[in-house]
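Just below is one structure, and these are the notes that go with it.
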Amino acid sequence: MKYKNIPAAWSYNTSTHSLLESIISPCELKSNEILVANKIAGINPVDWKFIQSNPLNWKDGHTPGVDGAGVVIEVGKDVDKALLGQRVAFHQSLKKQGSFARFTVLKHGRVMKVPEKMSFALAGGLPCPMLTAWQAFSKIPLKAGRNVLIVGVGAVNKIVIQLLSKAGFNVDVLSTSLSVEMSKALGVIRLLRAPEEITLNYHAIFDAVGQDSASRFVKHLKANGHIVAIQDRIDKPLDPPFTRTISYHEIALGALHDYGDSEDWTELMKAGEQLMELISSDQLIIDEPVVFSFDKLPQALAHSEETKLKTVVKVD
C-alpha cells in the first residue's frame with residue numbers, strides 16, 4: 001500500500017461513542033483484495049445507530065461507514081488488473097474498516113461499476129438502500145396484476161415501490177408523509193393515510209416501520225401471502241399452522257458479509273449495477289443527497305439522524 005501516516009479517517013472512540021480524526025497506518029493487500037480511493041462516503045441510519053450504541057463492540061480506532069464510492073487504485077496479486085482505475089460503489093461489512101476514510105480495502109467481487117453519467121455523490125449514497133430494496137423485492141414471486149401494500153416510505157421503499165410497479169403489480173401505499181404528486185410519479189395506485197382505509201387483502205406487504213407494525217398488517221394478506229419486514233422481523237408466525245400459510249421474510253443486507261458465497265455476491269453486485277443503470281437513465285426516481293465536506297462528518301451524521309434525508313460526505 002503506497003500511503004502511510006495520513007490524517008485521513010474518522011475512527012471510533014469507545015469512551016465517548018463518537019468519531020475522532022485519525023491517521024491510517026500502512027498495510028498490505030491480500031491476494032483477493034482491492035484498494036479504493038474514496039470520493040464519497042454515504043451515511044445510513046445503521047451508521048449513526050451503531051456509533052451511538054456500539055452493538056458489535058468496536059475497538060478504539062475502528063473506522064465506520066458501510067457505503068462508499070471511489071476509484072480502484074491498487075489490486076491484490078490474484079485480482080484482474082482491469083479493475084484499476086474503475087469507478088466503483090460498495091457496501092462494506094460493519095465489522096470491517098469502512099468508508100469514513102480516504103481509502104477502503106475491499107474484497108474484489110464486492111464492488112459495483114458506476115455508470116459514467118452518474119455522479120460519485122449519487123453513487124456513494126446508493127448501495128445500502130438500493131441493494132436492500134432489491135433484496136426485499138426479490139423475496140416474493142412475480143405475479144403481475146396482484147395487489148401489494150407498502151407501509152412506510154423512506155429511501156428503501158421508494159425504490160421498492162418503483163420495482164414493483166415496473167413488474168406489473170398494483171401498488172398501494174400507506175403513508176402520512178408521501179405527497180400525492182410523488183406517489184403518482186412513483187407509480188402508486190392508491191395512497192392511504194390511515195390503516196382504517198385498507199379495504200383489500202394483498203398478495204404481499206412490505207413494512208419498513210418495525211415488528212409491531214408488520215405484525216399488525218399480516219391480517220390483510222391473502223392466502224399464501226407474503227409479509228416482508230424491512231425493519232426488524234416478525235419472530236413467530238401469527239396464524240395457526242396450515243391455515244393461510246403466510247410466508248415471513250426478513251431483510252438484512254449485512255448477512256451476506258457473514259454467510260454469502262461468491263455466487264450470492266456476484267448476483268447482488270450485478271443487480272446493483274443494473275439498478276444504477278436504470279437510475280442513470282432516469283428510469284428510477286432517486287432523491288439527490290445532501291453533501292457535506294469530509295471535515296464535517298460528525299455534522300453529517302447528525303443531519304442524517306435529524307432530517308432523515310439522504311446524506312453523503314465528499315472525501316477527496
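The values are calculated or read from the model by the stated rules, or taken from the named source; none is laboratory data. Since this is a predicted model, take the numbers as computed values, not measurements. Here the Cβ is made from the backbone with ideal geometry for all residues, glycine too, and neighbour counts use every protein chain on show. Protein only, heavy atoms only, side chains kept; ligands, DNA and RNA dropped before computing areas. Shrake-Rupley method; radii C 1.70, N 1.55, O 1.52, S 1.80 Å.
Here are some notes:
- Phi-based couplings in Hz for segment 267-279 (Karplus 6.51, -1.76, 1.60; Gly and Pro marked x): 4, 5, 5, 5, 4, x, 5, 5, 5, 5, 5, 5, 5
- Rg/Rh (Cα only; Kirkwood hydrodynamic radius) as it applies to segment 1-105: 0.98
- Simple spin-label estimate for residue 258 and residue 308 gives 2.8 nm between the two label positions (7 Å along the Cα-to-Cβ direction from each Cα).
- Here each label is just a point 7 Å from Cα along the line to Cβ, and for residue 81 and residue 316 those points are 2.1 nm apart.
- Dividing the helix sum by the residues of the chain, where each DSSP H run of 4 or more adds -39500 (n - 2.57), gives a mean residue ellipticity at 222 nm of -8000 deg cm²/dmol.
- Taking amide H as placed 1.01 Å from N in the peptide plane, the amide H of residue 311 sits under 5 Å from that of 43, 290, each at least 5 places away or on another chain.
- Normalised contact order of the chain, rounded percent, pairs of Cα under 8 Å and 6 or more residues apart: 17
- Remark: segment 158-169, residue by residue, has Karplus-estimated 3J(HN,Hα) of 4, 6, 4, 3, 5, 5, 5, 4, 5, 7, x, 6 Hz, where x stands for each Gly or Pro and the curve is 6.51 cos²θ - 1.76 cosθ + 1.60 at θ = phi - 60°.
- Once the chain from residue 277 to residue 116 is taken as fully extended at 0.36 nm per residue, the excess over their C-alpha distance is 57.0 nm.
- Local charge for residue 81 was computed over the other residues whose Cβ lies under 14 Å away, with Lys and Arg +1 and Asp and Glu -1, and equals -3.
- Burial order of peptide ranges 61-68, 307-314 (average beta-carbon count within 10 Å, highest first): 61-68, 307-314
- Interchain or long-range residues, amide H under 5 Å from residue 251's placed H: 229
- Integer Hz, Karplus 6.51/-1.76/1.60 couplings in order for segment 254-265, x for Gly and Pro: x, 4, 5, 5, 9, 10, x, 9, 4, 5, 4, 5
- Selected from 72, 145, 122, residue furthest toward positive end of dipole (the chain; charges at beta carbon): 145
- At a probe radius of 1.4 angstrom, the accessible area of the chain per residue rounds to 48 square angstrom.
- Relative contact order (%) - criterion: Cα under 8 Å, at least six apart; region: segment 1-132: 29
- Separation of the residue 60 and residue 200 label points, Cα + 7 Å toward Cβ, nm: 5.7
- Residues whose amide H falls under 5 Å from that of residue 110, counting only those 5 or more places apart or on a different chain, are absent, with hydrogens built in the peptide plane.
- Gain upon complete extension [residue 96, residue 179; 0.36 nm per residue less C-alpha separation]: 26.0 nm
- Local charge for residue 56 was computed over the other residues whose Cβ lies under 15 Å away, with Lys and Arg +1 and Asp and Glu -1, and equals +1.
- Relative contact order [Cα under 8 Å, 6+ residues apart], segment 95-212, whole percent: 25
- Surrounding net charge for residue 298, when Lys and Arg each add one and Asp and Glu each subtract one, Cβ distance under 14 Å: -4
- FRET efficiency for residue 189 and residue 295, using Cβ-Cβ distance with R0 set to 41 Å, rounded to 0.05: 0.35
- When the Cα positions of 8, 89, 36 are compared along the charge dipole of the chain, 89 comes out farthest toward the positive end, with charges on each C-beta of Lys, Arg, Asp and Glu.
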